Amino acid sequence: MAGITGTLINNVMTRLTATATGVNARVTAIESADTGARTPGIRTALVQNVSVELAEKAGETYYPALFVYCDKVQNQLIEKFREFSGKARLVVEVRHSQDRLSGLEQHLQVYVDAVCALLDDSRGGWGDGAFYTGGYEVNYEPLVRGGKNFLQRAKVSFDVEVSK
């Protein structure tokens with residue numbers, strides 16, 4: 001199963017970090033539509049499921065950041081005689097930090113909107129037996145201390161159908 005999850009995560013990371021169509025390009029497009037919004041681009045994109053505290057202690061996180069990981073894999077054996085036929089639940093965790101409260105949630109919402117727009121445009125076959133049918137769930141978490149003083153994160157979760 002490591003091959004399945006690794007392939008899916010690499011596919012998502014390639015999409016998120018693409019120069020022309022990735023999250024930073026979409027943040028720029030959102031800013032151009034709303035001249036009042038000035039949101040910095042994503043500085044860190046990692047394939048890790050790591051807590052905020054550990055990531056900051058390791059010193060590898062620069063905000064705003066994206067963390068991509070597989071949350072759950074289900075081999076439902078929907079298709080007979082297949083080795084794997086089921087779903088993988090992937091998560092793109094968006095984290096943003098700044099020194100003041102005002103505007104923090106608005107910036108985070110821009111990043112989440114960019115990730116969701118990317119997913120909307122990614123429906124269809126992803127190759128290697130993976131198919132994204134669309135749909136996602138966004139969970140916003142409350143502000144906490146961390147990062148540059150205040151930190152907020154949101155998790156964008158979505159399922160990918162896999163048949164191998």
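The values are calculated or read from the model by the stated rules, or taken from the named source; none is laboratory data. Quick caveat: nothing in here was measured; it's all calculated off a predicted structure. Counting neighbours? That spans all protein chains shown, and the Cβs are built from the backbone with ideal geometry, glycine included. Heavy atoms of the whole protein, side chains included, go into the accessibility calculation; ligands, DNA and RNA do not. Shrake-Rupley method; radii C 1.70, N 1.55, O 1.52, S 1.80 Å.
Diffusion coefficient of the chain by Stokes-Einstein, Kirkwood radius over Cα pairs, 20 °C, 1.002 mPa s: 130 µm²/s.
Placing +1 on each Lys and Arg Cβ and -1 on each Asp and Glu Cβ, with no other charges, gives the chain a dipole about its Cα centre of roughly 200 debye.
Across all Cα atoms of the range 95-164, the radius of gyration (one decimal) and Dmax (whole number) stand at 15.4, 48 Å.
Between the listed residues V52, T28, Q76, the Cα displaced farthest toward the positive end of the dipole of the chain, a dipole computed from Cβ unit charges relative to the Cα centre, is found at V52.
Rounded to a whole number of µm²/s, how large is the Stokes-Einstein D of the range 1-82 at 4 °C and 1.567 mPa s, given Rh as the Kirkwood radius over C-alpha pairs? For the chosen part, D equals 85 µm²/s.
How high is the relative contact order of the range 63-103, in percent, counting Cα pairs under 8 Å that sit 6 or more residues apart? Show your work: numbers first, answer last.
On the way: 58 pairs, mean separation 19.3, N = 41.
That works out to 47 percent.
Distances longer than 17 Å among the Cα atoms of the range 90-130: what percent of all pairs is that? So the pairs more than 17 Å apart make up 46 percent of the total in the range 90-130. Under the simplified labelling scheme, the R38-E83 pair shows an inter-label distance of 5.3 nm, with each label point 7 Å from Cα along Cα→Cβ. Out of every Cα pair in the range 32-77, what percent are spaced more than 14 Å from each other? The proportion of pairs with Cα distances above 14 Å equals 63 percent.
Note on K87: lysines with a C-alpha under 21 Å away, same-chain residues under 8 apart excluded, are K72, K155, K164. Ligands, DNA and RNA are left out, and with a 1.4 angstrom probe the accessible area of the chain is 52 Å² per residue.
Which distance in nm do the two modelled labels at N10 and E60 give, with both placed 7 Å along the Cα-to-Cβ direction? Roughly 1.8 nm, to one decimal.
Using C-alpha pairs below 8 Å separated by at least 6 residues, the relative contact order for the chain is 23 percent.
I'd like the carbon and sulfur percentage of the solvent accessible area for the range 55-106, probe radius 1.4 Å, heavy atoms only, ligands and nucleic acids excluded. Working shown, then result.
Details: 1300 of 2840 Å².
Using a 1.4 Å probe with all protein chains present, the range 55-106 comes out at 46 percent carbon and sulfur.
For the range 56-98, the convex hull spanned by the alpha carbon atoms encloses 83 Å³ per residue.
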